[in-house]
1. Hey, what do the phi angles of segment 176-192 turn into as Karplus ³J(HN,Hα) couplings, whole Hz, using 6.51/-1.76/1.60 and θ = phi - 60°, x for Gly and Pro?
2. What number comes out for the charge environment of residue 167, summing +1 per Lys or Arg and -1 per Asp or Glu over other residues with Cβ under 12 Å away?
3. Measure off, as a whole percent, the carbon and sulfur share of the 1.4 Å-probe accessible area of segment 70-111, all protein chains present.
4. With a 1.4 Å probe and all protein chains kept in place, how much accessible area does residue 140 have, in Å² rounded to the nearest 10?
5. In what sequence, largest accessible area first, do 148, 60 appear using a 1.4 Å probe?
6. With a/c under 1.5 counting as rounded, go ahead and sort segment 156-196 into rounded, prolate or oblate using the C-alpha gyration tensor (a ≥ b ≥ c being the square roots of the eigenvalues; past the cut-off, prolate if a/b is larger than b/c, else oblate).
7. Arrange the residues 285, 109 by how much accessible surface each exposes, largest first, with a 1.4 angstrom probe.
8. Considering only protein heavy atoms and a 1.4 Å probe, what is the carbon-and-sulfur percentage of the accessible area of segment 184-279?
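The values are calculated or read from the model by the stated rules, or taken from the named source; none is laboratory data. Being a predicted model, the structure only gives us computed values, none of them experimental. Every residue, glycine as well, gets a Cβ built from its backbone with ideal geometry; the counts of neighbours run over all protein chains shown. The protein model used for the area step is the full one, side chains on, heavy atoms only, and it has no ligands, DNA or RNA in it. Shrake-Rupley method; radii C 1.70, N 1.55, O 1.52, S 1.80 Å.
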Amino acid sequence: MTTPQQPHPAPAAPQQQPAPHQQVQTLQAPPQQQGQPQHGQPQAGGGFAHAGYTSPIPIRPTHIGHALASEWTKIKSVRSTMWTLTVMVALVVGIGLLTAVGIASGDTDLEGESPLAFGFFGMLLGVLCVITLGVLTVSSEYSTGMIRTTLTACPSRSRVLAAKAIVFFALTFVVTLVCTAVVGFIGDSMLSGNPGAGETDGGAWFKATVGVSLYVALLGLLALSVGSMLRHSAGAITIMIGVVLLPLVLALFMRGDALEDVREAMFEYSVPSQLGIMFSNTVVDSGPSGWDPLLIILVVTGATLAAAFSVLEKRDV
């Protein structure tokens, strides 16, 4: 009897190799699912996906309101703003009060002079504080290097300068308006009963408060424009003080008939004379009158501010 033998297993069939075109499809990257953020593209939630990183900080388009908020934060947080405006208020209100008390105690004949016009003396000194603040608003950032941070956060240079100009103009206008209103009320209440006191109607009040405040704020804006072009605090303040006081001082010492026309023009168009016209207290009888000084300072400041915008766009920080 013979032992039955196990049958031999059938050999395995050889596996078929994938075709060349099937290998290429295998090496290709799997298709990306719809709905996932693309690299370098903002997400719906406001973040930003880039190379596997998603920023949690939302991205928002900036506008002039953000620049105004930034400049307001800066101008109210520096000590120069507090000191210059405090000194200005003390000079304008203090000298106005002393002038009114001195004239009222002597029962002086005002000879038709308006009681509102006596605020001129204090405002003439307060202008120097506004000029200093206007220069420091822009030049202090160059001295500390803060301007590099400002222009990095807001690359639009024209937007930065426009925000500085708007914030400074609004601040100085409001402070000057409060000072002129207080001095006007003091002068009108103490001097309106003096002999020969002039009329203080609504037009005189509007010009001595709103008109003077606009003139002083525009003069400070002129100083800001000069500071932006020079980028040097001491130089810009010196130039502005010279612009305000030098024509009147030179005119006082000019002699000779050949310089008579120049001397008269310096008297008429100097800043103290123009400011006196806004208070209805003219230094000379000829030259601009009424609201002409406001128009003159508006044209000069507009041209200087346009030059400051042009220079800021073209040169390096």
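1. Going residue by residue, I get 5, 5, 5, 5, 5, 5, 5, 5, x, 5, 5, x, 5, 6, 9, 10, 5 Hz, with x marking Gly and Pro.
2. On the way: positive: 74, 76, 164; negative: 71.
Spelling it out: positives minus negatives among the neighbours equals +2.
3. Values: 1680 of 2550 Å².
About 66 percent, which is the carbon plus sulfur part of the accessible surface.
4. Ignoring ligands and nucleic acids, residue 140 comes out at about 40 Å².
5. Details: 148 160, 60 180 Å².
These residues rank, largest area first, as 60, 148.
6. Details: a/c = 10.72, a/b = 5.52, b/c = 1.94.
Prolate, because a/c is 1.5 or more and a/b exceeds b/c.
7. Numbers: 285 160, 109 85 Å².
Final ranking, largest accessible area leading: 285, 109.
8. Here it works out to 68 percent.
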